[in-house]
Each structure stands twice: as structure tokens, then as C-alpha cells.
1. Give the residues of the stretch C:63-82 that are more than 25 Å from C:PHE146 (Cβ to Cβ) and in a strand (DSSP E or B), sorted by residue number.
2. Please specify each residue of the stretch C:270-307 satisfying the condition of being among the small types (Gly, Ala, Ser) and buried (at least 16 other Cβ atoms within 10 Å of the Cβ).
3. Return a yes/no flag: does the stretch B:139-157 have any residue that is of a type in the set (A, V, I, L, M) and touching a His at 6+ places or on another chain (Cβ under 9 Å).
4. Please give the strands (runs of 3 or more DSSP E) falling wholly within the stretch A:250-306 in which 3 or more residues are among the small types (Gly, Ala, Ser) and within 22 Å of the chain's Cα centre (by Cα).
5. Please count how many residues of the stretch A:73-82 are among the basic types (Lys, Arg) and either in contact with a helix residue (DSSP H, G or I) (Cβ under 7 Å, 6 or more places away or on another chain) or facing another protein chain (nearest Cβ under 7 Å) (or both).
6. Can you tell me how many residues within the stretch A:118-151 are among the β-branched types (Val, Ile, Thr), more than 17 Å from A:ASP300 (Cα to Cα) and over 8 Å from the mean Cα position of the chain (by Cα)?
7. Quick one: C:LYS345 ticks every box in (1) modelled with pLDDT under 95; (2) surrounded by fewer than 17 Cβ atoms within 10 Å (Cβ to Cβ) bar one, so which box is it?
8. I'm trying to understand the selection: among the residues of the stretch B:333-350, which are at negative phi, within 14 Å of another protein chain (Cβ to nearest Cβ) and touching a residue at least 60 places away in the same chain (Cβ under 8 Å)?
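The values are calculated or read from the model by the stated rules, or taken from the named source; none is laboratory data. Owing to the predicted nature of the structure, the values given are computational and were not obtained by experimental measurement. We place every Cβ from the backbone using ideal geometry, glycine too, and count neighbours over all the protein chains shown.
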Amino acid sequence: QTTMPTFGKGLQFVGKDSSYTMKIGVRFQTLFINQWSVRNDDLNYVEDYSSNFLIRRWRLKFDGIVYSPKIKYKLELGLSNRDIGAANNPQTNFASSIVLDAYIDWNFYRNFSVKIGQTKLPGNRERVISSANLQFVDRSLLNSTFNIDRDIGLQFHHHFKLGNNFIIQETAALTQGEGRNVTAGNQGGFDYTFKVEFLPFGKFASKGDYVGSAVKYEAKPKLSVSAAYDINDKASKEGGQLGAYILINDFNNAKTLHTLFIDFMFKYKKLSIMGEYALKDTEDGNPNVFEDDNEIGTYDVGSGYNLSAGWMFDKNVELALRYTAIEKDIVVGNSMKEYTLGFSKFFNAHKFKFQTDLSYRDNYYPNTTFENKGKNDNIYWRLQFEVHF
Amino acid sequence: QTTMPTFGKGLQFVGKDSSYTMKIGVRFQTLFINQWSVRNDDLNYVEDYSSNFLIRRWRLKFDGIVYSPKIKYKLELGLSNRDIGAANNPQTNFASSIVLDAYIDWNFYRNFSVKIGQTKLPGNRERVISSANLQFVDRSLLNSTFNIDRDIGLQFHHHFKLGNNFIIQETAALTQGEGRNVTAGNQGGFDYTFKVEFLPFGKFASKGDYVGSAVKYEAKPKLSVSAAYDINDKASKEGGQLGAYILINDFNNAKTLHTLFIDFMFKYKKLSIMGEYALKDTEDGNPNVFEDDNEIGTYDVGSGYNLSAGWMFDKNVELALRYTAIEKDIVVGNSMKEYTLGFSKFFNAHKFKFQTDLSYRDNYYPNTTFENKGKNDNIYWRLQFEVHF
Amino acid sequence: QTTMPTFGKGLQFVGKDSSYTMKIGVRFQTLFINQWSVRNDDLNYVEDYSSNFLIRRWRLKFDGIVYSPKIKYKLELGLSNRDIGAANNPQTNFASSIVLDAYIDWNFYRNFSVKIGQTKLPGNRERVISSANLQFVDRSLLNSTFNIDRDIGLQFHHHFKLGNNFIIQETAALTQGEGRNVTAGNQGGFDYTFKVEFLPFGKFASKGDYVGSAVKYEAKPKLSVSAAYDINDKASKEGGQLGAYILINDFNNAKTLHTLFIDFMFKYKKLSIMGEYALKDTEDGNPNVFEDDNEIGTYDVGSGYNLSAGWMFDKNVELALRYTAIEKDIVVGNSMKEYTLGFSKFFNAHKFKFQTDLSYRDNYYPNTTFENKGKNDNIYWRLQFEVHF
């Protein structure tokens, strides 16, 4: 038996001349979802119980430095069926999409660095937070509806300080715009993402601006506010990097998708608060795609926001609340409001934890005379274990 | 080079505060199958030779303890095409089914423990025996026809002793009933499995009640007898956890599958004997599913038994015999009797071995006037290497 | 942190009684392809720019010895979508084809050894060279058109010396002939491959006869010349081990594919030269397959050669040139000539490198009156990072 760091830090290896390091991590989540529908939004009619047991995530991770301390790398594989779907798509070579991350991150000059390869775009905060480090069982409806996910290409990073504490970080990405593991190449144009982050009170402990819940105690208030803007030139999929392909013959008929994210994270002692705003729209404000006067598809446009807050009690137990509102044009889908109450027991911070949350989702069509009566609501109760070596 | 335990014990790591252990195992099987058909069951007409070279299994395994010595975990991935099929199914997210095991096993009170996640159900003995530890090249027809495979949910275990030696183990499982890696959730009802095991003469060496062949010498006779019962409420697949989905619209038309297993393992010195009985039936004894007066599918019901015995000669060479009989209603398929002669050379017990077996399979329809003449028989000759780090 | 060899040598483990060794390697390539078409072969009409960002390869490798120093093994997995395609094929169990290599290599007598399992056939040199060790961004058109890839079965190797230096190596393989990870068994007949290699001036440094570029300095000239011949009896796929299945009902109508490869590698100081010739044809010289007088498919027959040469400059920078010519019958496809200029910067030989190449591909139909005007040409500019632990 070879001795390794304590639990949660992975298996760690180093080349004898320090020419590289490698941390190997394994993690999985076992999730149980209970779901009901609420007929006519009337809580007297809670019915249609259904359930879903899932290995929600099962990941292998490799990261460290390679060749020089200035070159980092990260490799991550998803192995669960929820992570690797769509092996029936020609665009991904009729294969399961196992590779999540594969990039090198080269600090080529002072505060400048570039990531080359496939990884998450600098989009909304919830998406950039690892799925291992979430405050609730899973991300919000805002994220599932509007996030720009992973993509492949280049990401330039820079950061600097204003005065002693005020940190500003900027990122600009040039990527393919088709999402991860596409083998069929770029359809339409490239994707351009810009993000700026402001941390007026300095760094969070242990990168806590991208970690849910107050698992690290911040003796002084810490805040990060950021804005990101993504331009997916002539998008080929309904959501840009995500969603089904729209079967476009002439990409002059495709539309450019614009996505704006504004978000913040605030942490102080046992309190953590996070909020996000998202707006996605086509260049001309019309979500439909036309070819030869026929509507052949619809982009997933709309807007939304969420706000969540948690309080860490003794014994690493946290209670948290989240409110999410998503508004969509009726041709895109129904709008939603969701209220979530979350409970977490952190046995070893986010590395070994039990989480459960209860959500009420109000599905409705805005501006209809019969209000939201046309669409049944939902109740979700989810329970999850996370184990992360 | 970092020193590890001897071959067959995997790569072993331990957190420096003993907060976790991790054993990493790799294994693969390379298999060659030769097959003939025997026309009209007449050995003068052995014909239609066909062959199949396979990487039958290629696995990665991770197990150990996590957080506390009372919490174990096991993670296993299948990577060979035989293990990960059906990426064309919407129910598994159009993805290859790579995850085999992913669970934690918590000894929460005295002799009580609970497994949470995905793993094998407490079904027939042959199925619970690892595919690395089989007496023959592969499991019997009884197993491929009736086993209840893996599932996801909860499994409660308990064991106690009667007197000094007599061990009784009980297991009760509450699972989804759809088999492994289903992302579409539970259709029909849950699955309930109960198993009780009797070991009147105490524990086998090295968990030998679930290891084929007398690879460990038992100086005194050892016996395990067990019975398992599985209730798959409103089953959605032809075999419950396995088989094709039956396309049922109204699950009131689905039927509940009941499966009974009775089996035993006996070992003494160089002798090992194993037997199994299986019975699978629908709640009403009719295997067909009807919707709007149309038959839309058939459950894989029937009964069968097998009996195998092996003798370990010098130099870790074993000869073994197996007889399997499967009886099915004619609407489900043909019945089968199979006679198998197996030879194994264990270079390092089950960790590095060569196995070959020769089988004669008598395919027939019971109660037909022309006996089994309507169906050709088969001969199989299989050769396999197993390497298991 | 556990100390390991320097970068590029993998994680290395050894059983405490030397009963096994295991080297674990991880590697990935991140590739960017730019492509243009040249209308009517007229460089005044370079148009139709398209691009493709890819995680081209993402691999896990395990190799070492097992049980005895005379038994080696190699296991390799491909995880990128480009490597694991065709999960929509029944012949591969509707699963992604993740397993690349899985074999044991047993040196059973003096200079004789046998590989049992799945790995590359002893075909053309470029194919046998690892995709990690190529002189250009990727292999040539000769390889993609005619190579015989991986297969499963047995490979017998032998080598001997003539005098002090002249090494001769012979290989004979008996395999299934269907390529890798087929679960449906052998269709048509087996595959027979024979290869003989002559190294008149002795071994290359670090197995450099199967490594592209002069990454090792050869103080004296080194040469390897080899010839390989493959017979795919009653081939089921268009290219034998590769390509789409031809839907043949009666394999008496299938044809036997013959493939001849002649190639060489020459290295001296900073110079490396490689050349290959390939010829693939059906037994009767007609590429088409007929059933009931209907043409139901076409084998990928034809011939081609390539010649490449590189010069290693200071600072591990190499420039290389390659010329490839492929000739096909018009019923099989268009013929091609390709001119490639390659640039490589080896930060750590092939383990961490940047490569880029620029190709002009002349697509044409031989013997047509309008020369190659009927088919547009292509320009490719590719850039790639390789990281190989």
C-alpha cells in the first residue's frame, strides 16, 4: 500500500525531476428523484408519482503540471449514461461523448495565460462551479435552460489588482461553438465569449467564488461580481453549444445567438448568497429559423434569474433556499418559476456529502387569459450522495 | 517504480490518516468461440462451423473504504463492447452502458449494513460470483435465461450466528427494477428482492462460497444453501432487469414478474459442487402482454436447473462437468439441455488462468410429437485467457 | 505525493515479488484543422473555408509484464469520439468501440513469441507506428485508404541475426479479419498476415524503426525494409478490417481481399526518410460484389505510395516533406496526390510536442478526358498539441 494525501485530494504523483505532477480523482453521485405533478396547479391534486434512481455522475479526473510549472493540464472523463448521451448523432461520430475536459493551460507571460483544448466556457457561475461543489442536489433551471456548457478552442485569461485587494479577471474565448466532442467540424461561424470578474474584497478561501455553500469560513465578507457575453455566430444547435441540431442546409439562414450572463457570489462566515441573470436571444429577436419560407427550427431563447442563500449550521449541516424564474416566448416553450429548499450534510466538505432538496415548479404560459391553468405544475424531491476521492 | 502488493491484489493506496483506501484493478478476458450446429440432432451432421474472437471483458475496478472503516465503496467499469451494448436505446440516453457498479456500503449498526447505488442484486449464486471467478469459461444457460442482474437502489444486509458455526445471512433489496444505467426513470413499479443464506459449517476460505472451483483448499466440508425471491412489480422489460423493453402504453397492462432461485455451493478439499434452480413466472401464469386485445410482447418465463462439479488435480489443473436444463413455454422459446466439460489451468488462481470448455446443447420443444427434431442442436468449444491485476 | 519516473515514462508500479509490472500512460491530442477547396484545381479559386477543432485522441494505456518476465501485456483504451465511433452498428453490439489493445505476448521459446488478443496487425509501417510518434500531424492518405488496422486472434513472431548485425524479423498472424471489437463473430473466412523485416545495420535506437522523425540521434545509418502480405478470406467489410459492412447474404459471393505492403525506414544523424507502397485488390481483380446479378457493394481496392523525409534542426525543430499518391478504379472513388510540408517542435521528443502541417491534395479521376477538372482540390492546414504522460 502506497501512502497518499488524506481523503478528497486524489491520488498524487510527481516526476522525480518535478517535470510533471498528476492528481488522479474518482467521483460518483448516486441520486434518487421523486416527482409528482400538480393538476391545474391545485395542491389538492398531487398525483402521477414517478421516480428515477440514477448514477448521476461517474467521473475520472487527471490534472497537474506538465513539462514546466507554467503549463497546467486537466483531463476529465464522464462515464455515466447521463453524461455521455447521444451516440445516435452523426455529428459526434455515432459515439458516446466521454471526454469532458482535455486542455493545457499555459501561463505564457506574467498574468496572461491561454487554455488550448476542450473545457467549460467562461459562462454563468453555476455552470463553472464543478458539479461536485453545488449547494443543491443539482444546478438550477436557469443553468439547464441557458448555459453555454463546454466548447473547444482557445481561452485567454488575464488578471490584475486595483490597489491591495480589488482583483479583476478577464477572459476571452475563441471556440468552435458546437459544444463538446463534435467530430463533424464547425457549422456556421465561430463562438466568441467575453467575461470580466470583479472581486473587490480579494480572493475567496480555496477558490470559494466557484464553490457552493460556506464550506470554508470567510472571516471577512467576500464578493465576486461578473458579467459574461457570448456570441455564437450562425448557431447550428437550438441552444448554441447544447440542444438538438437544427437541420439547416444554407447557413445564411442560421441566426447568431447572443447570451448575456450577470452573476455574483457573496460569502461571509456561515452565509453564502449567489445570484444569476441570463438573457439569450437571436440577432433579430425572432427565435424561429426559416428555409424556403418553412419554419425548420427554433432557438432556445428567453431570460431568467435565480437567487439562492444558504446558512451553515453546526456539524456541517446547511439549509439553503433558491428561487428561479425563467421566461420564454410561447413558441419556445413554457415559462417556469421554481422554489427550492435544500438540506446538506457535509461529512467532508463537498468530497463526501449527502444532499436533499424539495422543489415546487410552477409551469405557465405568460400573458394567457387562463393564467397558468393550461400546464400542470411539478413537485420534486431529490436525494443524493457524492463521493469524491 | 512504486512497489505494490504481489500480482492479483491490484494497485493499493491509502490516505495518510487512513481516511480512505483505494484498490485499483484492471482485468480482461480474451475469448475464442467455435460453434457448430448438429442437424436433426444427428451427430453425423455436424456442420455450419462459425467462430468468434472476442475481448469478452475489459474492466476497471476501484474499491476500498471511504471516510470511515464502516463505509466501503465499489466502483467498476465495463469497457468491452459485449459489456456496454445498446447505445441505440432512448432509455439509456442513447449511450453505451459503461458503469457496472457504483455504490457505498455502510455498516450502520452492528451486523446491519446497507448498500446505496448500483450493483448486482442478491439473485442466483452464479450471477453473484464475479465473472473473473467462474469454474467454466462463462456462466450457464440458467443464468443467461433467468438472472436478475444489476439494479439501482438500496440493499439491506444482516447476518448472525446460530451456535458457534452456523451462519445465516439475510438481504432485502428495494430497487428500481429496470436494470443498470437507465436514465429514463422507473416504469411500472419497484423491485423487491429477498435472499437468505445458510452456512451450517461456517465461512468458506476467502469468500469461497462465491468463488468457482476449489482454488482454496477446504480442510473441512463447507456448505452454503440459499434461496432468493424477486418481485418485479409491473415489469417493463422481457426479463425484468434484462431483455428488450416491451412497448407498453398503459402499465396497468404490464405484469408482475416473480423469480425464485434456490442454490448451493459445497466445497471439500479438491472437490467443488454447485447447483441452482430457477423459476420465473408472471403473476397470472401467462407470459404474454396484451393491450387493446393485441399481444404486444412476451415475458421470458420458465424454469431450469444446473449442477456442476469439479475436481482440482495437481499443478492447479481442474476438470469440471456441468449439466443445465431449461424449460420454457413454446410461446417464449425453445427448451434446452446442455452438457459441458470444462478444463482449467490456474497459473495464479483466478487471477491468471486459461480455461476451455466443450458443450453439447440440445435444443428442443417439449411435448411436440416429433420430439426435438424440429430444432438443430449445437456444439460449442470455447477457449479463454483471464488476466486480472 | 508518490515519486515517479520523469515525464513521458508513465506511472510505474511493480509487484513486490516482481510478479508483475504496470505502466499507466495517459495521452491526448488537441487538433485544429483548417480546410479550403480549390475550385477546378485553380489556385485563384481557394474558397469554402471550413474548420474543425478536435480532441483527436484521448487514451489510457496499461502495459508491463505479468506472472513471468516472459509474458508481456498491453491494454489501451480510446476515449475520444474520433476513436470510438459506430455505436449504431449491430456487429459491435450497438456500443462505442473503446478497447484498442488487449493482449498478452508470450515469449514461449527462445526467439519465438505469440500475441493472443486484439492489437494492430503487422501491416504498413505508418500504421504500426503509434499515433503518438508520427512525423506529421497524422498519417498519410496511403494509410487511411489501405491500412489493415487492428484485429483479434494470434500473432507469431520470430527474429534472428545473420552475422553480427543483420536482423531479420518474421511475423505470421491468424485473425478474425473483421477488425476490432466485433461481437457478431466472424463472417466469411479468417485473415492471414505475413510480414518480414530486414534491418541490415542492426537495431535502431529506442525502437526508432517504428518512430517518426530523428528524435534519437543515430550516429551510424540505420535501415529497415519490410514487406507484408495480408489475405482477408471472404471479406465482409469494404476495406477488410475497416470500412462499412457490405450486406452479403451468401458469403460465397464475398471476395477475398489481398493487400501487399512494402515499406522502409532510414535514419542517419538528423535525417529520417520513410517510404511505403500499398496494393489492395480482390481475388478476381473486380472490386464489385454481386448477389443475384445485383451489385451490392464495392471493396476499397487500389494502390499507392508515399515518401517522406525530415531534417531535425537545432532546438528539436524538424521540417519534413511528404508526397503521397493514391490510384483507384473510378468505380471505387477518385484518385489523389498529396503534397505535405510539416513542422514539428519537440519540447520533450514525442511526449510533448507541437506539430503543424500544410497539405495540397489533388483529387482527380485518371484517364478522363477533362483531366482532374471534374473534382475540386483541397488545401489543409492542421495544428496539433500532443501530451503523453
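1. At the first step, the residues of the stretch C:63-82 found to be more than 25 Å from C:PHE146 (Cβ to Cβ) are C:63-73, C:75, C:77, C:79.
Result: C:ASP63, C:GLY64, C:ILE65, C:VAL66, C:SER68, C:PRO69, C:LYS70, C:ILE71, C:LYS72, C:TYR73, C:LEU75, C:LEU77.
2. First pass over the stretch C:270-307, keeping only residues among the small types (Gly, Ala, Ser): C:272, C:275, C:278, C:285, C:297, C:302-304.
Selection gives C:SER272, C:GLY275, C:ALA278, C:GLY297, C:GLY302, C:SER303, C:GLY304.
3. The first filter runs over the stretch B:139-157 and keeps only residues of a type in the set (A, V, I, L, M), leaving B:141-142, B:148, B:152, B:154.
So of that shortlist, the ones also touching a His at 6+ places or on another chain (Cβ under 9 Å) come out as none.
Checked the stretch B:139-157: no residue is of a type in the set (A, V, I, L, M) and touching a His at 6+ places or on another chain (Cβ under 9 Å).
4. Working: elements: A:257-269, A:271-282, A:288-291, A:294-298.
The strands (runs of 3 or more DSSP E) meeting that bar are A:271-282.
5. Of all residues in the stretch A:73-82, those among the basic types (Lys, Arg) come to A:74, A:82.
In the following step, the residues that additionally are either in contact with a helix residue (DSSP H, G or I) (Cβ under 7 Å, 6 or more places away or on another chain) or facing another protein chain (nearest Cβ under 7 Å) (or both) were identified as A:82.
Final tally of qualifying residues: 1.
6. Pass one, the stretch A:118-151, residues among the β-branched types (Val, Ile, Thr): A:119, A:128-129, A:137, A:145, A:148.
This time we only want the ones that are more than 17 Å from A:ASP300 (Cα to Cα), so: A:119, A:128-129, A:137.
Checking the rest, the ones that are also over 8 Å from the mean Cα position of the chain (by Cα) come to A:119, A:137.
The qualifying residues number 2.
7. Failing condition for C:LYS345: (1).
8. Narrowing the stretch B:333-350 to residues at negative phi: B:334-348, B:350.
Now restrict to residues that are within 14 Å of another protein chain (Cβ to nearest Cβ): B:345-348, B:350.
The answer is B:PHE346, B:ASN348, B:HIS350.
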